[in-house]
Amino acid sequence: MSDQNNIPQEGPQLELVTNDVPELVLDTTDVPMPAVPAVPKDEQLVERARLTPAEQQQVDEFAEQIDLHNSALIMQYGTGAQKKMGTFSESALSSVRSKDLGEVGGMLTSLVNQLRSFDVQEEKGGFLGLFRKGGNKVNAIKAKYATAEKNVEEIVQALEAHQVTLLKDIATLDKMYEQNVVYFKELTMYILAGKKKLAEVLEAELPALREKAQQSGLPEDAQAANDLANLCDRFEKKLYDLELTRTISIQMAPQIRMIQNNDTLMNEKIQSTLVNTIPLWKSQMVLALGVAHSQQAATAQRQVTDMTNELLRKNSEALKTATIETAKESERGIVDIETLQQTNRNLIESLDEVVRIQTEGRQKRAEAEAELGRIEGELKDKLLQLRS
């Protein structure tokens, strides 16, 4: 944006410029005199009604100074106002070219991305992972918060700088709008003064010259009338050029307001972001960090409680089993009755088996004794036989 001091603040100023313009050369060639259209008086009345009495008086006085016989004056008429308008238009264009509201939009988008990157999803893990990774999770969240906060602060500083620039631009555009009104009025006064003078020449001086040329029949009188008609035609075109320049001034007013409105809207958006969105998001980020701490503590407490309950259940089951076994053992004798019964059965069976074996032994010994007696008898008999 151009600096405010570069915009002039004076009111409408009318001046006649005739420097460095070639002098007219009399042309005695008999050239047909073109018809110059008359200026509508109703339009002049409407334009004059928009001026203050002092400005109307300035127009009337300035019109008396206009000399349509001076080609240099016609060439330079209103050029000062046109140059001011050209410089002013370039200044407005520069303000548009140098303004990059897209950069502000990009910063806001970057801000959204930074805040979206702050994610506090709960990490999964078992009972042992709680003690190994719990601290790491909180540290990771804090590091992520610190990074997001730093980036947000940098973006906030850039937005505040843009906001200051936009506020300056808005003030400058106000002065540009006011100066454009001055340029518009100045062009209007040039046009009104020129049209008034042109009407006077077309209604009085030019018809008089034509009548004089017709009466005298002299070529120089005809040329004089023709030259004045041409000068009037050129001046009328000059006034038309000034009207085009004034139209540009008319168009410039809404354009300035549009630019200013865009600056205002963007400034309001930045202001809302700075005073509402940023504090809200910061508080939400702090809450998210607090929630992460709470979730971690709740998870730790839940897992500790679950482990405690599990240990209690296991201990109670072990205690139950031990108690029952102890009670059973305490009610048992030194030797179980079943053991005594089995021992008694085994003993009886052993005795019965011993008796059976002894009985069988006695029987076998008796039989052996009988067999031995028989053998001995046989041996005796055999020996007796050998002696006989």
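The values are calculated or read from the model by the stated rules, or taken from the named source; none is laboratory data. Just so it is clear, the model here is predicted, and its values are computed rather than measured. Methodologically, a virtual Cβ is constructed for each residue, glycine included, from the backbone with ideal geometry; neighbour enumeration extends over all protein chains shown. Just the protein is used for accessible areas: all its heavy atoms, side chains included, with ligands, DNA and RNA removed. Shrake-Rupley method; radii C 1.70, N 1.55, O 1.52, S 1.80 Å.
Worth pointing out:
- Candidate lysines - alpha carbon under 17 Å from Lys144, same-chain residues fewer than 8 apart omitted: Lys133, Lys282
- The shape of the range 178-263 can be summarised by an equivalent ellipsoid whose semi-axes, obtained from the alpha carbon gyration tensor, come to 42, 10, 6 Å from longest to shortest.
- From the Kirkwood radius over Cα pairs of the range 269-388, Stokes-Einstein at 20 °C and 1.002 mPa s returns a whole-number translational diffusion coefficient of 84 µm²/s.
- Gained length - Gln341 relative to Thr147, 0.36 nm times residue gap less alpha-carbon distance: 61.3 nm
- In the full protein context, the range 290-388 carries 86 Å² of accessible surface per residue, based on a 1.4 Å probe and ignoring ligands, DNA and RNA.
- Residues within the reach of a label modelled at Lys168 (point 7 angstrom out along Cα to beta-carbon, backbone nitrogen below 20 Å), restricted to the range 261-282, are 261-271.
- Measuring nothing but protein heavy atoms, the accessible surface of the range 134-278 at 1.4 Å probe radius is 54 percent carbon and sulfur.
- Distance violations [Cα-Cα > 29 Å] among Lys168/Lys237; Lys84/Lys269; Lys185/Lys237: Lys168/Lys237; Lys84/Lys269
- The range 317-368, accessible surface, carbon-and-sulfur percent (1.4 angstrom probe): 59 percent
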